[in-house]
Amino acid sequence: MKKTKNKLVEEFIRVDHAGERGAVKIYEGQLLALNTIYKNDELKDTILEMREHEREHCDFFENEIKKRKIKPTRFLPLWDLLGVGLGFGTTLLGKKAAMLCTASVEEVIDKHYQDQINQLGEDEKELRDKIIKFREDELHHKDIAYEEGASKTGIYSILDKIIKTGSKIAINISEKI
């Protein structure tokens, strides 16, 4: 069964809304750890800046959800909880793990957004242009994460695989439900 263009766009907006909201929650979890247990003002400033980009992205998709009357994923409360937990937990493991969390998620989102860009036509130019811009922001976040010490060596390679697998599962679920 082939998906209609409208159904496909609806899935894109639903999953992107969930993903951007999840990114905000990851950063909120990291900030919670940085404000309570693991003090690092430089890392805090970096995360605050990246969270602002994610809020901009989330606000755009929140407006699209409302404007187009699309039901958000039913899993938002769970994604919120898991996002805060992931951010908090990786930050407790240290700066390398916190930055790896960003890098791992952004690597999944890079491919995810590129796939959407490739499928959107001129009839969805505004949406396509926003996703292009957001993808560029996400790639910038990935670069920052590596500049700030993200690593996939040793035990971090396992954390990278766990984060990427979780992100892909959340994407697949959020597209449909």
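Considered as a group, the residues in the range 78-127 that are closer than 15 Å to Tyr146 by Cα and touching a Gly at 6+ places or on another chain (Cβ under 6 Å) include one that is surrounded by the most Cβ atoms within 10 Å (Cβ to Cβ), and that residue is Met99. Within the range 14-26, the presence of at least one residue that is closer than 16 Å to Met99 by Cβ, touching an Asp or Glu at 6+ places or on another chain (Cβ under 9 Å), in a helix (DSSP H, G or I) and not acidic (Asp, Glu) is confirmed.
Here Ser174 fits the description: surrounded by 19 or more Cβ atoms within 10 Å (Cβ to Cβ) and of a type in the set (S, T, N, Q).
So that you can scan it fast, the table gives a plain yes or no per residue for (1) modelled with pLDDT under 90; (2) within 18 Å of the chain's Cα centre (by Cα); (3) of a type in the set (S, T, N, Q):
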residue	(1), (2), (3)
Glu11	no, yes, no
Gly19	no, yes, no
Val24	no, yes, no
Tyr27	no, yes, no
Ile37	no, no, no
Asp45	no, no, no
Glu54	no, yes, no
Glu62	no, yes, no
Thr73	no, yes, yes
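Total residues in the range 99-122 satisfying the condition of being at pLDDT 95 or above and of a type in the set (Gly, Ala, Ser): the figure is 2. Within the range 129-150, identify whether any single residue is under 20 Å from Ile65 (Cβ atoms), of a type outside the set (S, T, N, Q) and touching a Leu at 6+ places or on another chain (Cβ under 6 Å), and answer yes or no. The answer is no, given that none of the residues of the range 129-150 is under 20 Å from Ile65 (Cβ atoms), of a type outside the set (S, T, N, Q) and touching a Leu at 6+ places or on another chain (Cβ under 6 Å). Per the listing Glu147, Glu138, the residue uniquely surrounded by 15 or more Cβ atoms within 10 Å (Cβ to Cβ) and either more than 21 Å from Met50 (Cα to Cα) or charged (D, E, K, R) (or both) is Glu138. Within this structure, Lys168 passes the test of being charged (D, E, K, R) and within 15 Å of the chain's Cα centre (by Cα). Lys125 - would you say it is within 19 Å of Leu93 (Cβ to Cβ) and either among the basic types (Lys, Arg) or modelled with pLDDT of 95 or more (or both)? Considered against the rule, which asks whether it is within 19 Å of Leu93 (Cβ to Cβ) and either among the basic types (Lys, Arg) or modelled with pLDDT of 95 or more (or both), Lys125 comes out as no. State whether one or more residues within the range 47-60 are among the aliphatic types (A, V, I, L, M) and exposed (fewer than 15 other Cβ atoms within 10 Å of the Cβ). Yes, some residue in the range 47-60 is among the aliphatic types (A, V, I, L, M) and exposed (fewer than 15 other Cβ atoms within 10 Å of the Cβ).
The values are calculated or read from the model by the stated rules, or taken from the named source; none is laboratory data. Computed from a predicted model, the values in this text were never measured in an experiment. Positions of Cβ are backbone-derived with ideal geometry, glycine not excepted, and every protein chain shown enters the neighbour counts.
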